[in-house]
Amino acid sequence: MQLIDGKATATAIKAEIAEEVKKIVESGGKRPHLAAILVGHDGGSETYVKNKVIACEQCGFKSTLLRFEDDITEEFLLNEVRKLNEDDDVDGFIVQLPLPKHISEQKVIEAIDYRKDVDGFHPINVGRMSIGLPCYISATPLGITDLLARYNIETSGKKCVVLGRSNIVGKPMAQLMMQKRYPGDATVTVLHSHSKNIKEECAQADIIIAALGSPDFVTADMVKRGAVIIDVGTTRVPDASKKSGFRLNGDVKFSEVAEKCSFITPVPGGVGPMTICSLMKNTLAAGKKEYYK
Ligand code: GUN
């Protein structure tokens, strides 16, 4: 069994990005600029956004954080999005989710100029990805394809089970694994809460990508010997032995699955660190106007 080290891979990719940014700036080009909007004080969102700002520094990007209280109106937020759309200095931006209940996330996502949508959530980017056109790809699935590629994991003709059908992980992940290139060319099955025979389907898979948010869902009896296991789960589980009072628990029961597989991502330190790294890749592409002029 080989452990897939997402932390080390993310560090290496960020160093590569920083090197490229240095060259761009030295030759008179513009330093990529990522802006982030954070509404309210959700603990998870605060941490994510803080880590995104730190990653920007590591990559040599300019970053701007716009913070608003959770009682702002939808119209106010839409207007802030419009301002960022029109700000020529901002190459890409994100609106951290979740948003307060009185604000429509879909409306906000669709208000973002797709050419600056480095989260890859806008329907134009989702649609372009599904037909294989250049676009921003949602960070978690992009990070996973990078891990598969960096570890030279064979995907062509393999049976890949994606557990979960969320718009930001499961669905794009399935699209990427079936795309006509590497990593891809896999035979993809998407399983979700209404699927039958989940255990049997998983037991036939060469690659399992678990993105359910259900701690320890994938057990050893569901895994074929030699399978590749990608664990996207990061559920906060109470743990008195931790300073924070919780630990992150994956969707895979690592203690019993690890010895059966060929490759596995740990939680934490697997997919998680790659997610922010992918946002940095998208921001570099935005700065270079790689996909959209
Ligand atoms: N909330 C959880 N993950 C994400 C993400 O990738 N982007 C944004 N904008 N919000 C999130």
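The values are calculated or read from the model by the stated rules, or taken from the named source; none is laboratory data. The shown structure was predicted, so the numbers you read here are calculated from the model rather than taken from an experiment. Cβ placement follows ideal geometry from the backbone for every residue including glycine, while neighbour counts extend to all protein chains displayed.
Output the residues belonging to the range 82-99 that are near the ligand (Cβ under 9 Å from one of its atoms) and not hydrophobic (A, V, I, L, M, F, W, C).
Within the range 82-99, GLN96, PRO98 qualify.
Within the range 262-293, how many residues are among the aliphatic types (A, V, I, L, M) and in a loop (DSSP other than H, G, I, E, B)?
The total comes to 1.
With respect to GLY43, is the statement that it is modelled with pLDDT of 95 or more and of a type outside the set (Asp, Glu) true? Don't jump to the end; show me each part of the working.
Values: modelled with pLDDT of 95 or more: no; of a type outside the set (Asp, Glu): yes.
Judged against the criteria, GLY43 is not a match.
Among the residues of the range 100-115, are any within 11 Å of the ligand (Cβ to nearest atom), over 27 Å from LEU176 (Cα atoms) and assigned to a helix (DSSP H, G or I)?
No, because not a single residue in the range 100-115 is within 11 Å of the ligand (Cβ to nearest atom), over 27 Å from LEU176 (Cα atoms) and assigned to a helix (DSSP H, G or I).
Which residue pairs have Cβ atoms under 7 Å apart, sit 6 or more places apart or on different chains, and have a first residue in the range 16-39 that is under 17 Å from LYS289 (Cα atoms) and within 16 Å of the ligand (Cβ to nearest atom) and a second that is part of a helix (DSSP H, G or I) and among the aliphatic types (A, V, I, L, M)?
ALA35/LEU84
Between a first residue in the range 59-76 that is surrounded by fewer than 17 Cβ atoms within 10 Å (Cβ to Cβ) and a second residue that is of a type in the set (S, T, N, Q), which pairs have beta carbons less than 8 Å apart while being 6 or more apart in sequence or on different chains?
From residues that are surrounded by fewer than 17 Cβ atoms within 10 Å (Cβ to Cβ), the pairs are GLU74/SER104.
For the range 186-212, name all the residues that are surrounded by fewer than 16 Cβ atoms within 10 Å (Cβ to Cβ), in contact (Cβ under 8 Å) with a residue 12 or more places away in the chain, of a type outside the set (S, T, N, Q) and in a loop (DSSP other than H, G, I, E, B).
Hit for the range 186-212 is HIS192, nothing else.
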